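A short write-up of the structure that comes next.
The values are calculated or read from the model by the stated rules, or taken from the named source; none is laboratory data. The shown structure was predicted, so the numbers you read here are calculated from the model rather than taken from an experiment. Cβ coordinates were reconstructed from backbone atoms using ideal geometry, including for glycine residues, and neighbour counts include every protein chain displayed. Only protein heavy atoms, including side chains, enter the accessible area calculation; ligands, DNA and RNA are left aside. Shrake-Rupley method; radii C 1.70, N 1.55, O 1.52, S 1.80 Å.
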Amino acid sequence: PQRTYIFTFLLSSRVFIHPHELLAKVGQLCIKQKQQLETGTEAEKAKLKSFAAKIIQLLKEWTETFPYDFQDEKSMKELKEIAHRITQCDEENGTVKKIISQMTQNLLMALSARSQYQEIKEKFRQPATDKGTILKTKPQSTQKDILSVCCDPLILAQQLTYVELERVSNIYPEDLMQIVSHMDSLDNHKCRGDVTKTYNLEAYDNWFNCLSMLVATEICRVVKKKQRTRMVEFFIDVARECFNIGNFNSMMAIISGMNLSPVARLKKTWSKVKTAKFDVLEHHMDPSSNFCNYRTALQGAAQRSQTANSNREKIVIPVFNLFIKDIYFLHKIHTNRLPNGQINFKKFWEISRQIHDFLTWKQVECPFEKDKKIQSYLLTAPIYSEEALFIASFESEGPENHMEKDSWKTLR
């Protein structure tokens, strides 16, 4: 079969059967075929070689695309046994042995790289909740903000893209398949490693929320209106640069941060902002007609990526929670099985097509150099909690109506 078929089959099979059980079935098939074709005639020998080549193709693609399926001993033992049998099918020619040993080596390297990542747990940043320190407004000169670290919107957009690609590289196809298999695993069995798999998705989602809150914090904690206006305009420019790069996830996180109530209510600040650029961004991310404008822009970026000559033009980072919702929606509206009991392969073909696109985009090598100072600020700068954001917001521009006055009273 074609690669796309093998990918779809291996990806969706885990909804119905454990990968190690599927591998065991392949092993049984090898024994059966070997017994049938071991009569020794030339025609049978040729058939056996052809069969061996196909099994090698399957194993090669399986170990490359889903190395995590081989992390337990059962699967590894099964893989070694199949490899041993296949090598016997073509003993005079040493190429099979070479291919299998290279394949095993690559698999072990992939597994070791992945287990190292699992050990480095995400450093979840705790939003600052100490009201006291927030209420004592510091003199502007001593307060370190994002502009003191990076005042060029393009450079900040590039550094955000660097973070995004680094995070995305740790998401694997089977992690995304959890969205389907996690919810209604056959006979209530769960795929292995559920916790670590959803952890990768959660860590990436957490980054989006952190970036939104960081944007809101940077704006709300600025005391002077003129400088606050400058901060708002700076983030609008950063979001625009993210859009031009094809980094839609950071762009959406920045817009979300600016739309949070503590920022959105700063009417005096917004009245000084040149909002034409922001309106364009809002238009791109308009949720009406199922984010039709965003999807058009994403499609354009995907087409640019296909014909691109440089890595710079290849970047496509979709809005991750929308990407996840699309897979979830596809899963929800179509059944896993057809009325005749057969597997609804059309459904899984469409899901795997979307996951395959995502995998293509995540493999792009980041063309921007890492700036340690900016990265450190992005990942460790203090973030205010929602409550602290409101306090800082009311400190900057007092409450305007009864509802706000009540909130302010409660907060104090």
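For a quick check of your reading: which helices (runs of 4 or more DSSP H) sit entirely within the range 295-412 and have at least 2 residues that are touching a residue at least 24 places away in the same chain (Cβ under 8 Å) and more than 30 Å from A264 (Cβ to Cβ)?
Once the helices (runs of 4 or more DSSP H) in the range 295-412 are filtered for at least 2 residues that are touching a residue at least 24 places away in the same chain (Cβ under 8 Å) and more than 30 Å from A264 (Cβ to Cβ), what remains is 311-314, 320-333, 345-362.
I'd like the residue in the range 1-29 that is assigned to a helix (DSSP H, G or I) and of a type in the set (S, T, N, Q) and, out of all such residues, is nearest to S75 (Cα to Cα).
For the range 1-29, the residue satisfying everything is Q28.
For the range 67-97, what are the residues that are under 23 Å from L37 (Cα atoms) and either of a type in the set (K, R) or assigned by the TED database to the domain that holds E174 (or both)?
Within the range 67-97, K80, R85, K97 qualify.
Which one is nearest to V316 (Cα to Cα) among residues in the range 213-228 that are open to solvent by 10 Å² or more (accessible area, probe 1.4 Å) and not charged (D, E, K, R)?
That would be M213.
If you check K32 against the conditions, is it in a helix (DSSP H, G or I) and surrounded by 13 or more Cβ atoms within 10 Å (Cβ to Cβ)?
no
Mind listing just one residue for me: the one in the range 79-89 that is closer than 19 Å to M109 by Cα and open to solvent by less than 40 Å² (accessible area, probe 1.4 Å) and, of those, modelled with the highest pLDDT?
Looking at residues that are closer than 19 Å to M109 by Cα and open to solvent by less than 40 Å² (accessible area, probe 1.4 Å), I get L79.
With respect to the numbered conditions (1) open to solvent by less than 20 Å² (accessible area, probe 1.4 Å); (2) farther than 25 Å from S261 by Cβ; (3) small (G, A, S), which one is the sole condition not fulfilled by S393?
(2)
Being modelled with pLDDT of 85 or more and more than 19 Å from G94 (Cα to Cα) is the requirement here; does Q28 meet it?
Judged against the criteria, Q28 is a match.
I'd like to check something: does the range 281-296 contain any residue that is modelled with pLDDT under 95 and open to solvent by less than 10 Å² (accessible area, probe 1.4 Å)?
Taking every residue of the range 281-296 in turn, at least one turns out to be modelled with pLDDT under 95 and open to solvent by less than 10 Å² (accessible area, probe 1.4 Å).
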